[in-house]
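As structure tokens, the structure follows; a few thoughts come after it.
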Amino acid sequence: MDGEDESLGAVMVDDPAFPNGSVDSDAARATVVGGGDQMDVEAYAALYTGRTRVARLLFIAERCGSEAVQLEALRMAYDEIRKGEDSHLHREVSAKIAGRLGPQYVLDQAWADSVDRRAEQRKEKLENELNGYRTNLIKESIRMGYNDFGDFYYAHGQLGDAFKSYVRTRDYCTTSKHIIQMCLNVILVSIELGQFMHVSNYVSKAEQTPDSLDAVTIAKLRCAAGLANLEAKKYKLAARKFIETGPELGNNYTEVIAPQDVAVYGGLCALASFDRTELKKKVIDNINFRNFLELVPEVRELINDFYASRYASCLEYLENLKPNLLLDIHLHDHVNTLYTEIRHKAIIQYTLPFISVNLHTMAGAFKTSVTGLEKELEVLITNNQIQARIDSHNKILYARHADQRNATFQRALQTGTEFEREIRAMLLRANLIKHESNLKSARKL
């Protein structure tokens, strides 16, 4: 077919129950998270629109570990699906509810059949229109025809076909505006498919358009790039992308991400990957990002506590946030890694100013046991992240501060030795050239 993209064959459709974001395995899907009772599912779902609202609700229902929260999420997902045209998802959610919400929330076969009939009629009409456009070689009409097909497939949950249709519009784009629209459509579907390599590729294509992009589009592309880097576990790059997102984003991209997510994803990735200077300059003093942080006061406070070395308070905020973060469709796989990195950075930062540290005092600051703290310190010392040794008997950590005078002297000696070796080599080459030794050897051969 015209405009067929070489990457179409690489598209894989994940479990339709989780169309927004990838899940690595069946075991990951089955993981149950406790503590979901504290989540206000209705307020959370209100932050999103479209298919991502349904996807996030189903994800919560699958992992929350609380029947009350599960049923609330399924009820809201059922109501949201009935507003759309995805009969397959309606059947799936009805099966998950299994009659537990009463006769109002069971499979509506008549509705599903009606949606399917309308879909067949609509599809036939779109095919006839597109064939007419292709026969008449009307480029703009062909682009719009493929775009309509993409919208149709997307609405009915056929994400692989939607991706192919949107990509096929590329060869019929005549303006930068068309290219940007195509890229944003492909990015939207790719995120839901969990195909983040395509997300990165089409963010780059959109950014390379000759015309300047408007602020809202730039913000959307920053968020998409941030999600792609987060999925690839490139936390520093992800943090930069989220932090660079402008306040123009507002509620203009709720079909993918909410402004609160930008604060949470960007803040946690920054804490895990930035040093103190970067954290101060790019996060705390960043006026634009501060607007996002104001939406999630807990993240704002934990960042300020971390920078101010109030580790007990910082770690307490993190623990309070953890149950809800484990129910986030994009962040759940990264929570433990990010938390470990943040905790290790806090421990390293705590030990830096001191020659010796009492482990009992330090354990109190980090709200852990001395034994647990020793194990953490052992890992950091083994990985050469902390230059110190542990006195296990007296429970004291002694820092190994380098002898600057001795280190300078050793560097001077090494430089002198290297200089002497280079001078000797130069003199040897000069004498060889002077006595034409290389020429004589060549003549004998």
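Key figures for this structure:
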| item | result |
| --- | --- |
| Hydrodynamic radius (Kirkwood) for the chain, which is based on Cα pairs only, to one decimal in Å | 25.9 Å |
| E301/A407 FRET efficiency (R0 51 Å; Cβ-Cβ; nearest 0.05) | 0.80 |
| On Cα atoms only, tilt of 50-63 relative to the major axis of the chain in degrees | 70 degrees |
| Using alpha-carbon coordinates, inclination of helix 311-325 to the longest axis of the chain, degrees | 30 degrees |
| Residue (of Q208, S309, Y146) at the positive-pole extreme of the chain, dipole from beta-carbon charges | S309 |
| Carbon plus sulfur fraction of accessible area for segment 354-421, probe 1.4 Å, in percent | 52 percent |
| Ratio of the Cα radius of gyration of segment 165-224 to 2.2 N^0.38 Å, where N counts its residues | 1.03 |
| Principal-axis tilt of helix 404-434 within the chain, Cα atoms, nearest 10 degrees | 80 degrees |
| Per residue, the convex hull volume that the Cα atoms of segment 318-379 enclose (Å³) | 90 Å³ |
| Value in Å of the Kirkwood radius, where segment 63-125 supplies the Cα pairs that are averaged | 12.5 Å |
| Segment 354-421 - Debye-derived log10 I(q)/I(0), Cα point model, q = 0.13, 0.19, 0.21, 0.23 Å⁻¹ | -0.50, -0.75, -0.84, -0.95 |
| Using a Förster distance of 25 Å, the FRET efficiency for E278-L213 (Cβ separation, nearest 0.05) | 0.45 |
| Overall dimensions of segment 276-347 as given by Cα atoms, namely Rg and Dmax in Å | 12.3, 31 |
| Accessible solvent surface per residue of segment 354-421, calculated while the other protein chains remain in place, 1.4 angstrom probe, Å² | 71 Å² |
| Within the chain, helix-based [θ] at 222 nm, where runs of 4 or more DSSP H residues each add -39,500 (n - 2.57), nearest 500 | -20500 deg cm²/dmol |
| Net charge, L327 excluded, C-beta distance under 11 Å - Lys, Arg +1, Asp, Glu -1 | +1 |
| Residue-level accessible surface for L101, protein heavy atoms, 1.4 Å, Å² | 50 Å² |
| Label-to-label distance, nm, for residues given as Q385 and R134 (7 Å Cα→Cβ offset) | 5.5 nm |
| Long-range tail of P(r) for segment 111-228 (Cα pairs > 18 Å, %) | 54 percent |
| With all protein chains modelled, accessible area of S212 [1.4 Å, Å²] | 110 Å² |
| K234/S114 FRET efficiency (R0 45 Å; Cβ-Cβ; nearest 0.05) | 0.45 |
| Selected from R134, R53, R411 as most flexible by GNM, with the chain as the system and alpha-carbon contacts under 10 Å | R411 |
| Max mean-square fluctuation residue, GNM over the chain, Cα-Cα springs under 10 Å, options D328, D86, D275 | D275 |
| Mean accessible surface per residue for segment 233-304, computed with a 1.4 Å probe while every protein chain stays in place, in Å² | 40 Å² |
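The values are calculated or read from the model by the stated rules, or taken from the named source; none is laboratory data. Since we're looking at a predicted model, the values are computed, not measured. So basically every Cβ, Gly included, is an ideal-geometry build from the backbone, and we count neighbours across all protein chains shown. Side chains included, ligands, DNA and RNA excluded: accessible areas come from the protein's heavy atoms. Shrake-Rupley method; radii C 1.70, N 1.55, O 1.52, S 1.80 Å.
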